């Protein structure tokens, strides 16, 4: 609407009934734009982020594929087709076959199962440890908090790959120890976020007010922590998933992760190196799978971060 | 002669969801040596007005005006480079929050001597001398030690004094103080006000004081602009505003100041409702939705300005001959 | 300042003690020692036992632990179990290769990453910004082993422009350095961009403009110094990580650096080598972090205060 300004004559000629005090006062407190809930806003903002939505769709499709395809496919991850060894992509084998004639597509699907399982499980465990450790440290405060944070400082001052490699060597190469290794230090980020949020809340006026009113502090913290700290916690957890997938692929690539004949994306890529010159497709498809997944999760993470805290969007 | 004269200033910000019309066609002037107060609540456009005049708004702002003259010169079309020659030398600025307005990574000396080096081309030694003199002028004890310190080592009051020293470093013709006392403790507020009053007495500079605090205005300014919703709703000299205000919004502002002789049980009167959404400003008077004297015309048309004296002007439909006569109740 | 440095130093020493202890006991918890019958099938068990005894492996673990500390404090990291020579000689021999490639990668990351982030911030929303963000997403999302595979396939195998392995000529350095710097460049560019944008929005930038500071100096002096403090914090782990050699890049391009030998020692179960390299890594990380902490305290005077 543009601003209406009248010239002097028109203004003087305005009818009397325009000058009566007291019209619908009820609108005085009207809120001009519709107000929405926080989570509704978050979803609206996330939905507008095209890359994040694409990432989400890709991950959902990939999850469904890696669950369903191995159940209905005629091939298994270790079954050989001796008629077609080192074959290129074809209708029969969409991603070709490897040196032993194993269908590369189904092996990539099994790899997806491993990668996604590790990603989600590791993220969930890290989330739990992080929230508990950080919550406890912040809640107890004082000396306990200092010792707990010192431990975290020491753990995080060294590259996590060092621990991961050592743990893999002790517990052997299997999925359990990969997850264990990944959970050794990855929860630290979440723990720090939760701790500072708990510290902040503990001293905030509304928790103090609640305490004076006789409410249980622990109960108050849980009640207020969830809505207040959920944003940063979700974001740090969302970025844990691609981190875990990357670490697993990396370990398998080094030959200390998932062991043959089971296939993971990292070990598939590793196995393709010696024959890279002759059969590049053996390297290409697992690598594409890794990249697509990493991109998708990073897009989702970015989208979540922007959606949960629009101030961070730069 | 008028030091600053602004005609028909419009400022809007382009943000994701639309355009915020922060300032809508305002005109005003500041005379030589005069101190003008601009008062209004947050979001009324008072700070944006001054930042538009000085060209210090972020990149997503769009400014248009018929003319802005400063010291007899047209400055509305000046390039950034030419505006910079005015900043810090002819126009000194003091901002609201001294905690964040000083760069945390540089010493007081570095930040205080910067305008001297830029505009007066002083060398390090003479800039330092001048900086010491400035710190003394703003009543900072032990100035030698202060020069070496970083902002985080100073209290809020001291930081605001440093900000004032920076603003007056090159003896500007115009000092713009944007809520200079709002972020400070009450006792410190009084000291800073006293310092500004002293500066006003001792220099010939004009001062524009932006604030939402009528008390600050009363103690500092000779003339007052009352802003609401990006427009000027009333202006006049201190007496005219404090004793003869005609705009219901100004009445509201005056009624919300605690009085020394407040009677027991007498309550401060708040202005109900919230400021208008400047993304979709109302077609008529911006104050209409909150005004207890609102008439149908107020919703439909922007009120024209009515001159009540040489200095006193009010933009309100209640001034129309056909409108009922109402007076301030307190 | 001194108090701050001493405090950081003590924290570093504590970290090292914990690391050495944890690594030592982890090492001994591993199944299959270096001279266990399951590993060396051709050697009679009595001989293996005698070899193990000569390395002190027959003693109780806690005694081995004390002996290790005693030797360590004398600068002795022990003898490699599986190769000829002492651990110290091995590290001294391989570290320079890692440091060369890593040092180049550090320089490359900073020289590309910081200007990229700055340009993106100053031309926010323009093509340069979009390109930087896209490249940063690629750099963060594509794992280094994937990148090294793709680049070596493209440039060495297909186009035959660059050598696949070794460090014989300057051309050999290109692929490893690019692979190593991709992730840091992405991180630095992103971080520089966002902290620069944040710095430019601060009140003190408006103050600087109100003083008549030129646009160039507003950016180069007032904003940049504030924007680069997060990069200084990142510098410690970055230098430490790159200079000590990447497991993947060194294996892929056959660079005889520490990372490569670490992976080999792991598969050889060469205890003393693994321990030695872990300690060296740890020490290097602690030193780099200390240096970057001190650097940060010099640049940002508020840091000291918060830590004292």
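The values are calculated or read from the model by the stated rules, or taken from the named source; none is laboratory data. Note that the coordinates shown come from a computational prediction; the quantities given were computed from them, not determined experimentally. Cβ coordinates were reconstructed from backbone atoms using ideal geometry, including for glycine residues, and neighbour counts include every protein chain displayed.
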Next item on the list: Look at the stretch C:103-148 and say how many of its residues are under 23 Å from residue A:243 (Cβ atoms) and without any contact (Cβ under 8 Å) to a residue 12 or more places away in the chain.
Entry: 4
Margin query: Taking the conditions exactly as written (buried (at least 17 other Cβ atoms within 10 Å of the Cβ), touching a helix residue (DSSP H, G or I) at 6+ places or on another chain (Cβ under 6 Å), within 14 Å of another protein chain (Cβ to nearest Cβ) and not in a helix (DSSP H, G or I)), does residue B:134 satisfy them or not?
Written below: no
Checklist line | Residues of the stretch B:291-324 that turn out to be away from chain A (no Cβ under 11 Å), part of a loop (DSSP other than H, G, I, E, B) and out of contact with any helix residue (DSSP H, G or I) (no Cβ under 6 Å at 6 or more places or on another chain), as a count | finding: 5
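Of the residues C:197, C:135, C:154, which single one is within 14 Å of another protein chain (Cβ to nearest Cβ) and over 16 Å from residue C:113 (Cα atoms)?
C:154
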Note to self: Given the options A:113, A:150, A:107, name the one that is within 13 Å of chain C (Cβ to nearest Cβ) and in a helix (DSSP H, G or I).
What the structure shows: A:150
Note to self: I'm trying to understand the selection: among the residues of the stretch A:1-26, which are surrounded by fewer than 10 Cβ atoms within 10 Å (Cβ to Cβ), at the interface with chain B (Cβ under 7 Å from one of its Cβ atoms) and modelled with pLDDT of 80 or more?
What the structure shows: A:16
Item checked: Matching residues, the stretch A:159-208, being within 14 Å of another protein chain (Cβ to nearest Cβ) and in a loop (DSSP other than H, G, I, E, B) -> A:159, A:172, A:173, A:174, A:184, A:185
Note to self: For the condition under 27 Å from residue C:261 (Cβ atoms) and in a loop (DSSP other than H, G, I, E, B), what is the one hit in C:90, C:82, C:70?
What the structure shows: C:82
Item checked: helices (runs of 4 or more DSSP H) contained in the stretch B:172-290 and holding at least 2 residues within 30 Å of residue B:300 (Cα to Cα) and modelled with pLDDT of 90 or more -> B:238-244, B:248-255
Next item on the list: Considering each of C:220, C:186 in turn, give the residue that is over 26 Å from residue B:162 (Cα atoms) and either more than 10 Å from every other protein chain (Cβ to nearest Cβ) or touching a helix residue (DSSP H, G or I) at 6+ places or on another chain (Cβ under 8 Å) (or both).
Entry: C:186
Next item on the list: Answer yes or no: is there a residue in the stretch C:241-260 that is farther than 30 Å from residue C:64 by Cα, modelled with pLDDT of 85 or more and within 14 Å of chain B (Cβ to nearest Cβ).
Entry: no
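Residues that are crowded, with 24+ Cβ neighbours inside 10 Å, at least 2 per element: which helices (runs of 4 or more DSSP H) completely within the stretch C:206-308 meet that?
It comes to C:224-243, C:247-252, C:258-268, C:271-299.
Okay, residues lined up against (1) within 13 Å of chain C (Cβ to nearest Cβ); (2) touching a helix residue (DSSP H, G or I) at 6+ places or on another chain (Cβ under 8 Å):
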position: B:53; (1), (2): yes, no
position: B:58; (1), (2): yes, no
position: B:64; (1), (2): no, no
position: B:67; (1), (2): no, no
position: B:83; (1), (2): yes, yes
position: B:88; (1), (2): yes, yes
position: B:92; (1), (2): yes, yes
position: B:99; (1), (2): yes, yes
Next item on the list: Name every residue in the stretch B:165-200 that is in contact with a strand residue (DSSP E or B) (Cβ under 9 Å, 6 or more places away or on another chain) and either more than 28 Å from residue B:2 (Cα to Cα) or without any contact (Cβ under 8 Å) to a residue 12 or more places away in the chain (or both), in order of residue number.
Entry: B:182
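Taking the criterion of being more than 12 Å from chain C (Cβ to nearest Cβ), touching a strand residue (DSSP E or B) at 6+ places or on another chain (Cβ under 9 Å) and not in a helix (DSSP H, G or I), would at least one residue in the stretch A:216-233 satisfy it?
no
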